1. On the given criteria, is LEU248 buried (at least 19 other Cβ atoms within 10 Å of the Cβ), touching a helix residue (DSSP H, G or I) at 6+ places or on another chain (Cβ under 6 Å) and outside the structural domain of GLY195 (by TED's automatic domain parsing)?
2. Tell me which residues, restricted to the range 242-273, are within 21 Å of GLY219 (Cβ to Cβ), assigned to a helix (DSSP H, G or I) and not polar (S, T, N, Q).
3. From the list SER120, SER116, exactly one residue is crowded, with 16+ Cβ neighbours inside 10 Å, in contact (Cβ under 8 Å) with a residue 24 or more places away in the chain and assigned by TED's automatic domain parsing to the domain that holds GLY195. Which is it?
4. Return the pair list, or none, for Cβ contacts closer than 7 Å from residues in the range 255-271 that are on the phi < 0 side of the Ramachandran plot and free of Cβ contacts under 8 Å to residues at least 24 places away in the same chain to residues that are surrounded by 13 or more Cβ atoms within 10 Å (Cβ to Cβ) and in a loop (DSSP other than H, G, I, E, B), at least 6 apart or on different chains.
5. Examine the range 235-242 for a residue that is under 19 Å from GLY55 (Cα atoms), in contact with a Gly (Cβ under 7 Å, 6 or more places away or on another chain), touching a residue at least 40 places away in the same chain (Cβ under 8 Å) and not aliphatic (A, V, I, L, M), and state whether such a residue exists.
6. Over 30 Å from THR178 (Cα atoms) and either modelled with pLDDT of 95 or more or assigned to a helix (DSSP H, G or I) (or both), is that true of VAL88?
7. Looking only at the range 34-47, how many residues end up being within 20 Å of PHE270 (Cβ to Cβ) and modelled with pLDDT of 95 or more?
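The values are calculated or read from the model by the stated rules, or taken from the named source; none is laboratory data. All values reported here derive from a predicted model rather than from experimental measurement. Neighbour counts run over all protein chains shown; Cβ positions are idealised from the backbone, glycine included.
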Amino acid sequence: MRVLHRVAAVLLAVATSVGMASAAEPVLKAAVLKVGTVNWELDTIKHYGLDKQNGFKLEVVGMAGNPATRIAFQAGEADIVVADWLWVARQRADGKDFVFIPYSKAVGGLLVPPDSDVQSLKDLAGGKIGIAGGPVDKSWLILRAYAEQQYGLDLKAETEQVFGAPPLIFKTALSGETDAAINFWHFSAKMKAAGMREVISVSEAANALGLDPNTPLLGYVVRGEMVRDTPELVRGLIDASRGAKSLLASKPEAFDRLRPIMRVKSDAQFEALKTGFIAGIPDPEPVNEAQAAKMLELMARLGGEKLVGAATTLPEGIFVGPQG
């Protein structure tokens, strides 16, 4: 009987210890677009337990649109949101203590139908371009700057632009309603899989403009308070993200299990998305702030206050590098 009591006491102690550890485990809540590609990484983190291995529990809250995710983050209802660093720069210029952790450098390009006569941006004069993301879309601004530099062409003045949500631009491009299209990278990948041809990538245009195409545009955004007060938690998030990327880049089965949530309709789409995601994995080195400053200067010149707000120069402390 005494043995049973001792066993019960040991089991109770273990259960209490586990419960305390679980209770002490910090929760990081990520507010993300319900169908966004970031879910592939977050799902991988949770499936393989990379959050627990790195000292936190990840909770993912899917939302209908990017504005909703940012509102949730700014209201304190989420610890993490995904945004581009230009948005973070704008917020920091307005006095908000937000910090950017690189997530992806994937970008799209300008695509045309397979039988199009367009060979360069100068051939688009008089044509119609479908653009996802609106008049201050970063890819559109970079391609405008490239056309001006290479050909002396004012792409905005010499073409008709049709702005719309990525799925609409995808649909109108495939149906031939536009002469060319600029879309988010994952829709561009699907457009290529459907036979559309890339005239120029945003990375090529950025490189020609003297910008570093390896500068990651998208990232996880957290509060500066978290970086200062719980650096180990931020380190854990960075390591979990890198671990998930490593799995997705090296183990085909890691991507295969994601196929149901990738909304693909063919093997070609699946392979194009997989290739695009892996190509977009940022380098492990810290962000080159001098290059980021050059990009911000260009965005401020072409996008103005509507895009960058008061952030005409790169605010200090915007980036948290992979080294923590």
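1. Here the answer is yes, as LEU248 does meet what is asked.
2. Across the range 242-273, the qualifying residues are ARG242, GLY243, ALA244, LYS245, LEU247, LEU248, ALA249, LEU273.
3. SER116
4. PHE270/MET262; PHE270/VAL264
5. Restricting attention to the range 235-242, the residues satisfying the condition of being under 19 Å from GLY55 (Cα atoms) are 235-242.
From what's left, in contact with a Gly (Cβ under 7 Å, 6 or more places away or on another chain): 235-236, 238.
Narrowing further to those that are touching a residue at least 40 places away in the same chain (Cβ under 8 Å): 235-236, 238.
Of the ones still in play, those that are also not aliphatic (A, V, I, L, M) are 235-236.
Yes, because at least one residue in the range 235-242 is under 19 Å from GLY55 (Cα atoms), in contact with a Gly (Cβ under 7 Å, 6 or more places away or on another chain), touching a residue at least 40 places away in the same chain (Cβ under 8 Å) and not aliphatic (A, V, I, L, M).
6. For VAL88, the condition - over 30 Å from THR178 (Cα atoms) and either modelled with pLDDT of 95 or more or assigned to a helix (DSSP H, G or I) (or both) - is met.
7. Going through the range 34-47 one residue at a time, the tally reaches 9.
Here is a yes/no grid of residues against (1) among the basic types (Lys, Arg); (2) at pLDDT below 95; (3) within 21 Å of LEU296 (Cβ to Cβ):
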| position | (1), (2), (3) |
| --- | --- |
| ALA125 | no, no, no |
| LYS128 | yes, no, no |
| TRP140 | no, no, yes |
| LEU143 | no, no, yes |
| VAL162 | no, no, no |
| LEU174 | no, no, no |
